[in-house]
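*Asks:* Below are the structure tokens for one structure; questions will follow.
The values are calculated or read from the model by the stated rules, or taken from the named source; none is laboratory data. Worth saying up front: this structure is predicted, and the values here are computed from it rather than measured. A quick note on method: Cβ atoms are made from the backbone with ideal geometry, for glycine too, and the neighbour counts reach across all protein chains shown.
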Amino acid sequence: MSFAVRIHETGGPDVLCYEEVPVSDPGEGEVLLAQHAAGLNFIDTYHRSGYYPVVDLPVALGVEAAGVVVKVGAGVRRFREGDRVAYTASAPGAYAQHRVVNADVLVALPDEIGFDQAAAMMLKGMTARYLLRQTYPVQAGETILVHAAAGGVGLILTQWAHYLGATVIGTVGSPEKAELARRNGCDFPLLYREDDIAARVREITSGEMVPVVYDSVGASTFETSLQCLRPRGLMVTFGQSSGPVSAFDPVLLSRNGSLFMTRPTLFHYIASPEELAQNSRELFSVVMDGHVSIPVRQKFDLSDAASAHRALESRQTTGSTVLLTHVS
């Protein structure tokens, strides 16, 4: 037997149940993992609340983790018992000491990267990579806007964009978060509760505005984001920590300068083994070379997942948070 955090019904953090669950053998093309750490992400709260419906209950939450291969199923050639691996997957289930996963979602974990850090970076790090390198390929000399610049994805985005030679304007919720963002490559951290964001962006860019906005906040920042874009700029909405964006008339994009808008998701960018390998390889490279730092800023025991969810939803966290499984 093993332990996992599952939900039997949707709702608030109190529906999270730390309970004993059976461990099954891997089937064809599958691998059994002993997971050392699981990442905490806003998508976990969407699965918990029912905003993103899950197919069957009960189900364990979590979409990223790192650990060691315990057993391989028939047909698995890339991995063997004892291999260090990490993954992010579209189906939840990572909040567990042991998990059977399809081998196709796994990547080999370099020795230089620990389990805690790997669990903190797979979803957020590969998200930052496709946003900066594929959704809008950021170029040296450009100025970009990143909302929630002190958050999990935000801190990675700002560092990586800085490494690429971009000037980063970021929004944050407090002076402490502003300083954290500044230390991680954000050239102009702005306080969204105090600053007129669009006016400050206009001032910083001498009226040119920005070619791209990366917005994971949603409802409370959407219209401001559009106002910060230059004509034919790109609005990238990839999350909704403040709630979903309300329905709007597409003419709003025209009025703000013939804007483009996209709502991407990581799993469309790592759909093939080749895309997954390229994304993870580049992520591991910038981390190991020191261009991007991914410290784990908060750690919770797996059994205390409810407290982790409360901290995340109340914006008490910065950067990356992991759940430690204490698996033997």
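*Asks:* Go through 67, 75 for me and flag whichever is over 14 Å from residue 305 (Cα atoms) and surrounded by fewer than 14 Cβ atoms within 10 Å (Cβ to Cβ). Write out each step before concluding.
*Replies:* Values: 67 fails: surrounded by fewer than 14 Cβ atoms within 10 Å (Cβ to Cβ).
Only one candidate qualifies: 75.
*Asks:* Here's another thing I want to ask about it. Within the stretch 40-50, restricting attention to residues that are in a loop (DSSP other than H, G, I, E, B) and buried (at least 24 other Cβ atoms within 10 Å of the Cβ), which residue is modelled with the lowest pLDDT?
*Replies:* That would be 41.
*Asks:* Let me ask something else about it. Output the residue which, of all residues in the stretch 4-39 that are in a strand (DSSP E or B) and either free of Cβ contacts under 8 Å to residues at least 40 places away in the same chain or out of contact with any strand residue (DSSP E or B) (no Cβ under 9 Å at 6 or more places or on another chain) (or both), is farthest from residue 81 (Cα to Cα).
*Replies:* Looking at the filtered set, the residue picked out is 19.
*Asks:* May I pose another question? Do we find that residue 254 is of a type in the set (Gly, Ala, Ser) and either touching a Leu at 6+ places or on another chain (Cβ under 7 Å) or closer than 29 Å to residue 51 by Cβ (or both) in this structure?
*Replies:* Spelling it out, it is not the case that residue 254 is of a type in the set (Gly, Ala, Ser) and either touching a Leu at 6+ places or on another chain (Cβ under 7 Å) or closer than 29 Å to residue 51 by Cβ (or both).
*Asks:* Next question, about the same structure. For residue 322, state whether it is assigned to a loop (DSSP other than H, G, I, E, B), modelled with pLDDT of 95 or more and either within 20 Å of the chain's Cα centre (by Cα) or at negative phi (or both).
*Replies:* No.
*Asks:* Among what's in the stretch 239-280 and is within 18 Å of the chain's Cα centre (by Cα) and of a type in the set (Phe, Trp, Tyr), pick the residue that is farthest from residue 135 (Cα to Cα). Can you show your working first?
*Replies:* Let us first name the residues in the stretch 239-280 that are within 18 Å of the chain's Cα centre (by Cα), namely 239-244, 262-271, 275-280.
Applying the additional criterion that residues be of a type in the set (Phe, Trp, Tyr) yields 267, 269.
On the way: 267: 13, 269: 9 Å.
Residue satisfying both the conditions and the ranking: 267.
*Asks:* Name the residues in the stretch 274-303 that are over 25 Å from residue 161 (Cβ atoms) and either surrounded by 15 or more Cβ atoms within 10 Å (Cβ to Cβ) or touching a Pro at 6+ places or on another chain (Cβ under 9 Å) (or both), would you?
*Replies:* Within the stretch 274-303, 299, 300, 302, 303 meet the criteria.
*Asks:* Mind listing just one residue for me: the one in the stretch 157-184 that is assigned to a helix (DSSP H, G or I), of a type outside the set (D, E, K, R) and touching a Pro at 6+ places or on another chain (Cβ under 6 Å) and, of those, surrounded by the fewest Cβ atoms within 10 Å (Cβ to Cβ)?
*Replies:* 178
*Asks:* Can you spot a residue in the stretch 80-95 that is over 29 Å from residue 7 (Cβ atoms), out of contact with any helix residue (DSSP H, G or I) (no Cβ under 8 Å at 6 or more places or on another chain) and not in a loop (DSSP other than H, G, I, E, B)?
*Replies:* no
*Asks:* Quick check: anything in the stretch 260-270 farther than 14 Å from residue 126 by Cα and in contact (Cβ under 8 Å) with a residue 40 or more places away in the chain?
*Replies:* Yes, the stretch 260-270 has at least one match.
*Asks:* Sticking with this one: Please determine whether any residue of the stretch 125-144 is closer than 20 Å to residue 325 by Cβ and among the aromatic types (Phe, Trp, Tyr).
*Replies:* There is no residue in the stretch 125-144 that is closer than 20 Å to residue 325 by Cβ and among the aromatic types (Phe, Trp, Tyr).
*Asks:* Specify which of the listed residues (209, 235) is of a type outside the set (S, T, N, Q), under 22 Å from the mean Cα position of the chain (by Cα) and not assigned by TED's automatic domain parsing to the domain that holds residue 51.
*Replies:* Values: 209 fails: under 22 Å from the mean Cα position of the chain (by Cα).
Residue meeting the stated conditions: 235.
*Asks:* Continuing with this model, one more query. Evaluate the stretch 79-89: report whether one residue or more is closer than 27 Å to residue 18 by Cβ and more than 16 Å from the chain's Cα centre (by Cα).
*Replies:* Among the residues of the stretch 79-89, at least one is closer than 27 Å to residue 18 by Cβ and more than 16 Å from the chain's Cα centre (by Cα), which makes the answer yes.
*Asks:* Can you confirm whether residue 154 is outside any strand (DSSP E or B) and in the same structural domain as residue 198 (by TED's automatic domain parsing)? Don't jump to the end; show me each part of the working.
*Replies:* Working: outside any strand (DSSP E or B): yes; in the same structural domain as residue 198 (by TED's automatic domain parsing): yes.
So residue 154 fits the description; yes.
*Asks:* State all residues of the stretch 271-297 that are of a type in the set (A, V, I, L, M), out of contact with any Lys or Arg (no Cβ under 9 Å at 6 or more places or on another chain) and in contact (Cβ under 8 Å) with a residue 12 or more places away in the chain; if no residue qualifies, say none. Steps first, please.
*Replies:* Applying the first criterion (of a type in the set (A, V, I, L, M)) to the stretch 271-297 yields 271, 276-277, 283, 286-288, 292, 294, 296.
Next, only the ones that are out of contact with any Lys or Arg (no Cβ under 9 Å at 6 or more places or on another chain) stay: 271, 276-277, 287-288, 292, 296.
Matches in the stretch 271-297: 276, 277, 287, 288, 292, 296.
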